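Notes for the one structure printed next.
Here, each number is a calculation from the coordinates, and none is a lab measurement. Since the structure is predicted, the reported quantities are computational estimates derived from the model, not experimental observations. Note: ideal-geometry Cβ built from the backbone for every residue, glycine included; neighbour counts use all protein chains shown.
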Amino acid sequence: MGIGETLALGSAAAWAVGVILARQLGAYLPPLALNLLKNALVLCVLAPAVLVLHAGQWPAVPARDLAIVLASGIVGIALADTLYFRALNELGAGRMGIIGNLYSPLVLLLGFVFLDERLGAAQWLGFGLVGLGVLLVSRPPGEWETHPRHTVRGIVIGMLAIALMAVAVVMVKRILEAQPLLWVTMIRLAGAVAGLLALAAWPAMRARMRFDPGRVPWQRLVLAALIGQGLSMVFWLGGYKYTSASVAAILNESASVFLVVLAALWLREPLGRRAFAGVLLTFSGIACMLLGRATP
């Protein structure tokens, strides 16, 4: 298993740990405020670390590439995550989990068109197994007993969020390959925080930023941000840097499966037969992805 595949799977696992840590934060923080605080916390930790590791030397990043990385953060984090949380509130986790399955097909399509990437037979088999496994674990029957008032609007918003995430990572793929990973991560995160601050300053969004600081479990927030946002983001971009975007995207899909497994082991949540079958299918698909080689 190469470093790119390892980082892509590590990103999925770190994201799942972050979700479990942050599962109750939504009761104290509105989505936009939570998104801004998590990314700002990571930036405050990552920026000094990058400056120390690189001895304060700024990499030779062309102005065009710098603009693309900043735009990727605005599009893929500030806009996409905000829309994702909005769709999640309207549709619920089950329906949003199904829409989230659009991510890897979109990255495959964009990688084919813009990056000239191809998958081998083993990767296509793995893609099918991972997709089926994720579908099983992300569609609990109970979720479908609810009837959202704005289903169509929620679906459109959710699909737009996933599409923006895919576009944002593909647009920065070639720059990632040529530039230091941590520098690109920091610049992209700076763009995201700037975009989120602009959203928060928008009069229509100010009411969505209100919360009681005294009720926020800050220690849990910091831990969830550093693991689920910071570590996961570095691993996520590292996966795209060191392997093809198509392979990284498919392996990222295992995040929901890691979440189910960790919830069963950590939170003692029951693992039903459907979820267990989904876990087996997903890890079988991962094995196929790792056994084959993608053609760049």
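A few notes on this one:
- Taking label points 7 Å from Cα along the Cα-to-Cβ direction, ALA122 and ARG273 give a separation of 3.3 nm.
- Cβ-defined net charge surrounding LEU109, 13 Å radius [Lys, Arg +1; Asp, Glu -1]: -1
- Each residue of the range 47-64 is assigned a 3J(HN,Hα), and the resulting list reads 4, x, 4, 5, 4, 5, 5, 9, 6, x, 8, 6, x, 7, 9, x, 4, 5 Hz, derived from the Karplus form 6.51 cos²θ - 1.76 cosθ + 1.60 (θ = phi - 60°), x at Gly and Pro.
- The 3J(HN,Hα) values that the Karplus relation (6.51, -1.76, 1.60; θ = phi - 60°) gives for the range 176-193 are, in residue order, 4, 5, 9, 10, x, 4, 5, 5, 5, 4, 5, 5, 4, 5, 4, x, 5, 5 Hz. Gly and Pro appear as x.
- Near VAL193, once Lys and Arg are set to +1 and Asp and Glu to -1 for all other residues with Cβ below 15 Å from its Cβ, the sum equals +1.
- Only helices enter the 222 nm calculation for the chain: every DSSP H run of n ≥ 4 contributes -39,500 (n - 2.57), and dividing by all residues gives -23000 deg cm²/dmol, rounded to 500.
- Close amide H contacts of ARG118 (hydrogens built in the peptide plane, cut-off under 5 Å, sequence separation of 5 or more or a different chain): THR295.
- Projecting the Cα atoms of LEU226, LEU29, PRO48 onto the dipole axis of the chain, where Lys and Arg carry +1 and Asp and Glu carry -1 at the beta carbon, places LEU29 farthest toward the positive end.
- A simple rule links phi to the HN-Hα coupling: the Karplus curve 6.51 cos²θ - 1.76 cosθ + 1.60 with θ = phi - 60°, which for the range 247-258 gives 5, 4, 5, 5, 5, 4, 4, 6, 4, 5, 6, 4 Hz, with x for Gly and Pro.
- Cα-Cα separations in the chain greater than 31 Å, expressed as whole percent: 26
- Net charge over other residues, Cβ less than 15 angstrom from the Cβ of LEU43 (K, R count +1; D, E count -1): +1
- Distance between the modelled labels on ALA71 and VAL152, one decimal in nanometres: 3.2 nm (7 Å Cα→Cβ projection).
- Dipole moment magnitude, nearest 20 debye, the range 3-291 about Cα centre, only Lys, Arg, Asp, Glu C-beta charged: 600
- Between the range 24-48 and the range 188-213, the alpha-carbon center distance in angstrom: 11
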